[in-house]
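These notes concern the structure reproduced below.
The values are calculated or read from the model by the stated rules, or taken from the named source; none is laboratory data. Keep in mind it's a predicted model, so treat the numbers as computed, not measured. Cβ coordinates were reconstructed from backbone atoms using ideal geometry, including for glycine residues, and neighbour counts include every protein chain displayed.
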C-alpha cells in the first residue's frame, strides 16, 4: 500500500509539471501587455513599463519565467498579481467560499444521487423509475447557466424565496440554491450511474446466494449490493470534486458568489497571468489528489483489489 | 444529424468483414435465393456492426424522438429562412422588449417578442441554431480524428509511444474542458466558429484517445491480426483495415454522447463572452445579453434557452440510443 502510494505520488510529478507548464505557456504567450493595461487609457511611461516588466520577470524568456515560478511554488510562493497583491492572499479569500460551495454541491450529489439511484435501480421499470429518469434527462439537457437563471428568475424574482444574488458568500443558507444549481448536472449523472450498476448487480450470483442464505433485506441491499455498486460511482465522484470547483465559474458569476470561479474569470479577462496560473495549479492538485484517493478507495470497497 | 449515425457505422461496415452482398454475382439463382432469405430476416447472412446497430436503433422510440428533433434542428441550421422571414440583424427600437410576446402569432416575427435592441427573438433563435450545430458536429469530428489517431498509435505501437502519449493524455485531462478553452480562446481577439472549434478540440480529445487505446490493445491480440500479419500486411493496413473497424464501436458511442456536451460548452463560452462574439448570432451570446433584462422580459432569455436545451436533449437521446445499439453490455 505504502509503496503504491509512493509510486503514484512520483507519477504525479511529471503530470503536474506538464499541466502547469501548459497553462503557463497559454497564459503568458497571450497577445496583449498586462503591464500596459495597468495604465488604462493613459499613455504609459516607457521607463516605468520597463521597470515593472523587469520586476515581474516578464523580460525573461518564457521557460526561464516558468522555472522561476516553479521554484517559487515549491517554497509556497504563488507570486504576485499585477495589482501588487500576493496571489496566495487572493486565493486565501476565494478558496474557503468555493470549497464550501463545492462541498455543499458534492454533499447533495452524493446523498441524493446515490439515494435516488438506489431507489430507481431497485424499482426498475416502475413509475418512480421512469419519472426520475425523465427528470435526470431534463436536468442534463439544461446547461448550467440556463438552470442558474431559471432558479434566479423563479425563486429570486418571481416568488421571492431567495435573494436573487448572494449577499454574504460565507453564509451557507444563501449558498444553498447556487450549490443545487452547481451540483444538479452531477446529481443527475450519479443517479443514472447508480441506477445502472444497482440494476446490474441485483442479478448477480452473490445476491441470489445472500437471499438463499436468508439474510435480511437490509443487509443484502445495504451491504452486499451497495458495496459492489458504489465502485463506478466513486470513480465518477472522484473526478467530479475538482470539476465542481472549476465549474463554479458560471454559477458563481450568476449568483455573485465571491469565490474562485469569479476571481478566475476576472483574472482571465484582464490577463492576470499569475492569478490564473496560481488558481489552475491548485485545481490541478485537487484533481490529482482526488483521483489518487479514488484509487485507494477501490481497495476498501473491493477486497479483490490489492495494491502492492 | 441522423445522417451521421447511420452513415458512420455503415461506412465502417463497408470496411468490415460483414460486407458480402456487393461483390457477389446476384444473378446466380442460389445466391439470389439466399439473399432473399436474408432480407426476409433469415439468420444465415452475417450482419455487420452497422446493420446490427440500425436494426436496434429503429425499434426505439427514443431514437425517433431524437431524430425528429434533429431533423428540424438541421433544417433550421441549414435553411433558417424557411422558418422565419425576419432578418435576425434587423433592429427597430419601436419593437420594445417590454412589449409582451404575441404567443398566438405562430411563427410570426413577433411571436416570441423582441429583445433589447428591438430584434425579433424568434428570428435570432432560428439563425442561432447554425453556430451550435456546426460547432457540435465539427468538434466531435475533429476530436474523434485527433483522439482516435493518438489512441491508435499509443495502443498499437505500445512501449515509448504509449508512455509518451498516455502522459500527454494525463496532462490534458488535468485541465477541465471549459477552463482550458476559456484560457486558450482569450488569446484570440477575433473569434469565429472555427476558433471555438479549435479551442474545444484541443481540450476535448483525451477521452476518445483513452477509449481508442483500450479498444486497440484488446483487438491487436486477436487472431485475425496475427493472420493478417502472416499474410504480409503492413502496420498501416492492419490498423486501418483490420483493427479500426473492430475498435471503432466504443469510440462512436463516446463521441456521440460527448457531442451534446460540446454544444452546451460552446453556449457557455459564448455566454461568458469568450466564445463567439456579438455580430455572430449564437444562443449563448443572446442569452448573455438577455440576462440584463431577465427581471422585466424573461422571454428574451427563456426562448433561446429552451431551444438550446432541446438541442442538447436531442443529441443526448441520440447518444443514448447509439450506445444501446452499439454496446449491448451497457443496456
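For the reader, a short list of remarks on this structure follows.
- When B:140, B:201, B:195 are screened for being more than 10 Å from every other protein chain (Cβ to nearest Cβ) and farther than 29 Å from residue A:274 by Cα, only B:140 passes.
- Of the residues B:181, B:215, the single one that is within 14 Å of another protein chain (Cβ to nearest Cβ), assigned to a helix (DSSP H, G or I) and surrounded by 21 or more Cβ atoms within 10 Å (Cβ to Cβ) is B:181.
- Residue satisfying all of: in the range B:285-300; farther than 21 Å from residue B:139 by Cα and within 25 Å of the chain's Cα centre (by Cα); surrounded by the most Cβ atoms within 10 Å (Cβ to Cβ) among these: B:286
- Yes/no for residue B:294 being in contact with a helix residue (DSSP H, G or I) (Cβ under 6 Å, 6 or more places away or on another chain), at pLDDT below 85, over 22 Å from residue B:181 (Cα atoms) and within 12 Å of chain A (Cβ to nearest Cβ): yes
- The range B:262-291: number of residues that are out of contact with any helix residue (DSSP H, G or I) (no Cβ under 8 Å at 6 or more places or on another chain) and modelled with pLDDT of 80 or more: 1
- Of all residues in the range A:255-272 being in a helix (DSSP H, G or I) and surrounded by fewer than 23 Cβ atoms within 10 Å (Cβ to Cβ), the one that is farthest from the chain's Cα centre (by Cα): A:269
- Residues that are at pLDDT 85 or above, farther than 21 Å from residue B:318 by Cα and either within 13 Å of chain B (Cβ to nearest Cβ) or surrounded by 21 or more Cβ atoms within 10 Å (Cβ to Cβ) (or both), drawn from the range A:119-151: A:120, A:121, A:145, A:146, A:147, A:148, A:149, A:150, A:151
- Test for residue A:232: is it at pLDDT below 85 and farther than 30 Å from residue A:82 by Cβ: yes
- Among (1) out of contact with any helix residue (DSSP H, G or I) (no Cβ under 9 Å at 6 or more places or on another chain); (2) crowded, with 18+ Cβ neighbours inside 10 Å - the single one residue B:126 does not satisfy: (1)
- Scanning the range B:273-284 for residues that are surrounded by fewer than 24 Cβ atoms within 10 Å (Cβ to Cβ) and more than 11 Å from every other protein chain (Cβ to nearest Cβ) yields a count of 5.
- One residue alone among A:277, A:233 is in contact (Cβ under 8 Å) with a residue 24 or more places away in the chain, buried (at least 19 other Cβ atoms within 10 Å of the Cβ), under 25 Å from residue A:58 (Cα atoms) and not assigned by TED's automatic domain parsing to the domain that holds residue A:26, and that residue is A:277.
- Here the condition is being part of a helix (DSSP H, G or I), within 23 Å of the chain's Cα centre (by Cα) and without any contact (Cβ under 8 Å) to a residue 12 or more places away in the chain; of A:105, A:115, it holds for A:115 alone.
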